[in-house]
Amino acid sequence: MTVTYSSTAAGRYAGVEIDDEFTAVGWQTAGHRVGRFRRSLSAKEQEALAGALHTARDAGGPPTAEGARRPGAVIERVRADDLPDLTVTGDPPAGFAPLVDALRALLEDLAESPVAAVELTVTGSPPRAALRHVGDEPMTVRMADLTVRATVFGPDSAIVDGATHAVDPPDVGDEIGPGWALTLADDLGVPAVPAGGFATVTVGQPELDVLGDGVLRPVEWGWMSE
């Protein structure tokens with residue numbers, strides 16, 4: 001059994017592949033962690049995936065996405081043994097919804113099992129931002145100027161304040177590995193989040209080999225307060 005899921009939108013790319021041994025390998029170019037992830041599926045996850053695949057097979061051939069696609073729309077693709085290829089640009093066909101939902105959830109959860117990834121952390125008061133390598137394997141990189149944008153929103157989602165910081169590219173050569181870290185800003189320069197509000201931080205845009213295939217892809221980190 002091989003199942004492959006991918007999601008693309010506005011230059012952002014993520015995906016997961018599950019092999020015959022129920023090992024899931026994931027990757028993403030945007031998020032609080034960007035890079036490569038891997039873990040084995042639990043018995044409960046294996047059972048749920050098998051059930052979702054059975055439901056999809058019983059549903060017959062899914063329709064292919066038709067018509068114009070909105071700029072920036074998310075395009076999802078699913079390939080699995082004994083199933084026709086599926087392209088989703090909105091809600092998946094009813095018989096395929098359990099499979100797509102399971103793969104979406106798995107991709108999100110895989111970020112907690114990094115093999116080679118870089119994480120954006122925002123901590124402290126005043127807020128401090130940093131990047132650090134997580135996982136056990138090195139990553140090939142091409143560093144560029146880093147742009148850090150911090151924004152504070154009120155309870156109505158209106159912007160309260162924001163700040164932008166430019167960070168010179170660190171001299172790391174063409175590879176980073178376990179133990180690597182980079183402070184982006186000791187103080188992001190934004191006020192405390194008001195009651196009911198939230199804050200976001202984005203960082204871009206160097207290039208990393210997120211798939212481990214030797215191809216460097218632009219990445220962007222994103223963080224949001226709880």
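Every number in this text was worked out from the coordinates using simple rules, so none of it is lab data. Being a predicted model, the structure only gives us computed values, none of them experimental. Virtual Cβ from ideal backbone geometry, glycine too; neighbours counted across all protein chains shown.
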Inset, instruction - Rounded to whole Hz and in sequence order, give me ³J(HN,Hα) for region 98-111 from the Karplus expression 6.51 cos²θ - 1.76 cosθ + 1.60, θ = phi - 60°, writing x for Gly and Pro. - result: x, 5, 5, 4, 5, 6, 4, 5, 5, 4, 5, 5, 4, 4
Legend entry - Estimated inter-spin distance, R132 and A181, nm [label 7 Å along Cα→Cβ]: 0.4
Inset, instruction - Between T2 and D20, with labels modelled 7 Å along Cα→Cβ, what's the label distance in nm to one decimal, could you check? - result: 1.1
Inset, instruction - Show that you can apply the helix-only estimate: for the chain, add -39,500 (n - 2.57) for every DSSP H stretch of four or more residues, divide by all residues, and state [θ] at 222 nm to the nearest 500. - result: -4500 deg cm²/dmol
Inset, instruction - Return one quarter of the surface area of the convex hull spanned by the alpha-carbon atoms of the chain, equal to its mean projected area, in nm². - result: 14.2
Inset, instruction - For region 112-121, take each phi angle, set θ = phi - 60°, evaluate the Karplus expression 6.51 cos²θ - 1.76 cosθ + 1.60, and give the result in whole Hz per residue in order, putting x for glycine and proline. - result: 7, 10, x, 9, 8, 8, 10, 10, 9, 10
Inset, instruction - Whole Å is fine, so just give me how far the alpha carbon centre of region 99-134 lies from that of region 185-211. - result: 13
Inset, instruction - List, in order, the whole-Hz ³J(HN,Hα) value for each residue of region 166-180 obtained from phi through the Karplus relation with A = 6.51, B = -1.76, C = 1.60 and θ = phi - 60°; use x for Gly and Pro. - result: 9, 10, 4, x, x, 8, 10, x, 10, 7, 10, x, x, x, 6
Inset, instruction - Over all alpha-carbon pairs of region 3-110, lay out the pair-distance distribution in 5 Å bins, whole %, shortest bin first. - result: 2, 12, 23, 24, 20, 13, 5, 1, 0
Inset, instruction - Take the alpha-carbon positions of region 118-224, form their convex hull, and give its projected area averaged over all directions (one quarter of the hull surface) in nm². - result: 7.0
Legend entry - Around L120: net Lys/Arg minus Asp/Glu count, Cβ-Cβ under 9 Å: +1
Inset, instruction - Give, as a single signed number, the net charge of other residues whose beta carbon lies under 13 Å from the beta carbon of A111, with Lys and Arg counted +1 and Asp and Glu -1. - result: +1
Legend entry - Extension reserve of the S42-T89 stretch, reckoned as 0.36 nm per residue once the Cα distance is removed: 14.0 nm
